[in-house]
Amino acid sequence: MFEIIKTKQTIGFMKFANPATWLSLILVILSVVTLSINWLNWGLDFTGGTLIEVGFEQPANLENVRTTLADAEFPDAVVQHFGSSHEVMVRLAPREGVKGQVIGNQVLDALTNADFGNVDMRRIEFVGPNVGDELAENGGIAIIIALVCIMLYVSMRFEWRLAMGSVLALAHDIIITLGIFSLFQIEFDLTVLAALLAVVGYSLNDTIVVFDRIRENFRLLASDTPSDIVDKSLTQTLSRTIITSGTTILTLVSLFVVGGELIHGFATALLIGIFVGTYSSIYVASALAIKLGISRDHMIPEVVEKEGADQDAIM
């Protein structure tokens, strides 16, 4: 009923495994090189800066506020509502040699001189870079712990060859996503970090579905080669993958288009992660398991004879 692609013929995904492996290696190397040269364009969550909260007499139009601040030489200002449409929070990167109070007064003057009615200052707060360093470190540790736990889980549920494939596929997805953010210098903030963790979960879910079918087919199709079994498994789960990825992409495109500037990084990271994650489930996780020598014997649990079974058989 929910099959988009109905075919009795198996699609030969693994025919392209070697070219895909080279493509993945090239993309990962390029991402690492880009990260080593440009690193990431850290957002205010990581670099620190000045946080200013102002109240408007009338509901504030965020686009007009951004334009006004850009004209006042604050093009990097991050503007968002908080509490209600009358309250606006402005975040600014630190200015060397300029105190936060001075920056706050400059922002207030710019907004007051514009056509916004009465504007009053609610709060000025400076976020130091030490907090940002701690966030970056904790975020990296969270991703590493997630990968280790995933490897342990997949090893217990399936087999270590599949576990290695799944973890390397997840690392592949994260590195390429970070490489694209570094190449285009897209701002990396806490929402993007959250998106990366979501990409790990999404990609793992897709990989687990494929691995479940691979394990089942290894037990059912005794005469087929590992490549044939993987191809059949991927073909059988293809409709599910298209439906899941398609509906998620539609949601993310909507978030990117109408969600506002603050959520662009989050939506971009997830869009990249879904495309790369779907690809890696096929050509990194599954293909690597074949290269590591996965076979039917690894998928069939060993039969443990009970003590005293021989005596029972004789009796």
Tell me the angle of helix 129-157 to the major Cα principal axis of the chain, expressed in degrees between 0 and 90 and rounded to the nearest ten. 10 degrees
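Contact order normalised by length for segment 128-211, with contacts defined as Cα pairs under 8 Å and 6 or more residues apart; what percent is it?
Working: 33 pairs, mean separation 22.6, N = 84.
It comes to 27 percent, rounded to a whole number.
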Considering the Cα positions of segment 236-285, please state its Rg to one decimal place and its Dmax as a whole number of Å. 12.2, 39
With 10 Å bins from zero, work out the P(r) of segment 96-183 over every alpha carbon pair and list the percent per bin. 13, 24, 19, 17, 14, 10, 2
Highest-first arrangement of 173-181, 280-288, where packing means the average Cβ count within 10 Å: 280-288, 173-181
In Å, what Rg and Dmax follow from the Cα atoms of segment 192-241? 13.6, 46
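If you build the convex hull over the alpha carbons only and average its shadow over all orientations, what do you get for segment 164-271? Give it in nm² to one decimal. Display every interim value, and only then the final one.
Values: hull surface 30.0 nm².
Projected area, direction-averaged: 7.5 nm².
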When only C-alpha pairs under 8 Å and at least 6 residues apart count, what is the relative contact order of the chain, in percent? 25 percent
Could you work out how far helix 264-280 tilts from the main Cα principal axis of the chain, as a 0 to 90 degree angle to the nearest 10? 10 degrees
Helix 160-183 versus the longest principal axis of the chain: what is the Cα-based angle in degrees, 0 to 90, to the nearest 10? 30 degrees
Distant-in-sequence amide H partners of residue 11 (H built 1.01 Å from N, under 5 Å): 235
Positive end of the dipole of the chain, charges at C-beta (+1 Lys, Arg; -1 Asp, Glu), about the Cα centre: which of 155, 251, 143 has its Cα farthest in that direction? 155
Quick one: how many lysine pairs does the chain have with C-alpha atoms less than 24 Å apart and a gap of 8 or more or different chains? Give me the count, please. 6
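What is the projected area of the convex hull of the Cα atoms of segment 211-262, averaged over all directions, in nm²?
Working: hull surface 18.6 nm².
Across all orientations, segment 211-262 yields a mean hull projection of 4.6 nm².
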Post the alpha-carbon centroid distance, segment 77-112 to segment 197-263, in whole angstrom. 43 Å
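Per residue, how much accessible area does the chain show when a 1.4 Å probe rolls over the protein heavy atoms, in square angstrom? Let's see the in-between values first.
Details: 17190 Å² over 315 residues.
Value for the chain: 55 Å² per residue.
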Quick one: which residues, 5+ away or cross-chain, put their amide H under 5 Å from the amide H of residue 40? H built at 1.01 Å from N. none
Probe 1.4 Å - accessible area at residue 26, Å² to nearest ten: 90 Å²
From the helices alone, meaning DSSP H stretches of at least four residues, give me the mean residue ellipticity at 222 nm for the chain, per-run term -39500 (n - 2.57), in deg cm²/dmol to the nearest 500. -20500 deg cm²/dmol
Once the Cα atoms of the chain are picked out, what are the Rg and Dmax in Å? 26.0, 100
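The values are calculated or read from the model by the stated rules, or taken from the named source; none is laboratory data. Fair warning: this is a prediction, and the values are worked out from it, not measured in the lab. Cβ sites come from the backbone with ideal geometry, for glycine too, and all protein chains shown count toward neighbours. These area figures cover heavy atoms from the full protein model, side chains too; ligands, DNA and RNA do not enter into them. Shrake-Rupley method; radii C 1.70, N 1.55, O 1.52, S 1.80 Å.
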